[in-house]
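Accompanying notes for the structure given below.
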Amino acid sequence: LAELAEATASAEELRRQQRELTRSNAELEQFAYVASHDLQEPLRKVAAFCQLLQSRYGGQLDERADQYIGFAVDGAKRMQALINDLLAFSRVGRITRPFATVELDDVLRTAEANLADVIEESGARIEAAPLPAVHGEHALLVAVFQNLIGNAVKFRRPDVAPLIEIGH
């Protein structure tokens, strides 16, 4: 009888924790949706004005200014993609995009582009063998590569340019 009472109490505690987790996940998904929605509008304005600068003054300023405007436009586009990926990631347990064949070479190029400033500042060199195609979700795989490369750069020996070798 004592074991039955203990098992019943444990099952009820497990159901309570499951309800709490479900509630917490719903709140987190709602927060991610609201945050991504609220961030998209100012980001659209920044991107639009940068593109306006690029089209109106492109070629009239020095090469460095054109390069800076290009960086701003590119950064706004990448930030938009990250916001969309955040929203998609918040829904991973509920609504996922169907897995598809993803070329890991493309994933690596995207991750490198997202980390271009960090890679350049650290002097990091990335050497990658040709990578295979896998079944997965592009945005999540980019996040994996970006985190791995970012950590390799971040947790290197001081004053030593990292060599990051990627293979399979």
> Given the rule -39500 (n - 2.57) for each run of at least 4 DSSP H residues, summed and divided by the residues of the chain, what is its mean residue ellipticity at 222 nm, to the nearest 500 deg cm²/dmol?
Replying inline: -25000 deg cm²/dmol
>> Run the simple label-point estimate for LEU39 and ALA113 please: 7 Å along Cα→C-beta, distance reported in nm.
In response: 1.9
> About its Cα centre, what dipole magnitude does the chain give when the only charges are +1 on Lys and Arg Cβ and -1 on Asp and Glu Cβ, stated in debye to the nearest 20?
Replying inline: 380
> In whole Å, how far is the Cα centre of segment 28-46 from that of segment 143-168?
Replying inline: 30
>> Only four residue types carry charge here, +1 at the Cβ of Lys and Arg and -1 at the Cβ of Asp and Glu. Report the dipole size of segment 112-168 about the Cα centre in Debye, rounded to the nearest 20.
In response: 200
> Summing Lys, Arg as +1 and Asp, Glu as -1, what charge do residues with Cβ under 12 Å from the Cβ of LEU43 carry, LEU43 excluded?
Replying inline: +2
>> Please give me the summed charge of the neighbours of GLU12: other residues whose Cβ is under 14 Å from its Cβ, Lys and Arg +1, Asp and Glu -1.
In response: 0
>> Among DSSP bridges having both ends in the chain, what percentage is antiparallel? Round to the nearest 5.
In response: 50
> Any idea what the alpha-carbon Rg over 2.2 N^0.38 Å comes to for segment 1-53?
Replying inline: 2.29
> For segment 1-118, what is the convex hull volume of the alpha-carbon atoms per residue, in Å³?
Replying inline: 164
> For the chain, which span is the longest to avoid every loop-located (per DSSP) member of chymotrypsin sites (Phe, Trp or Tyr not before Pro) having at most 12 other Cβ atoms inside 10 Å?
Replying inline: 1-98
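Read-outs throughout are calculated quantities, based only on the coordinates presented, and are distinct from any laboratory measurement. The structure displayed is predicted, hence computed values, not measured ones. Cβ sites come from the backbone with ideal geometry, for glycine too, and all protein chains shown count toward neighbours.
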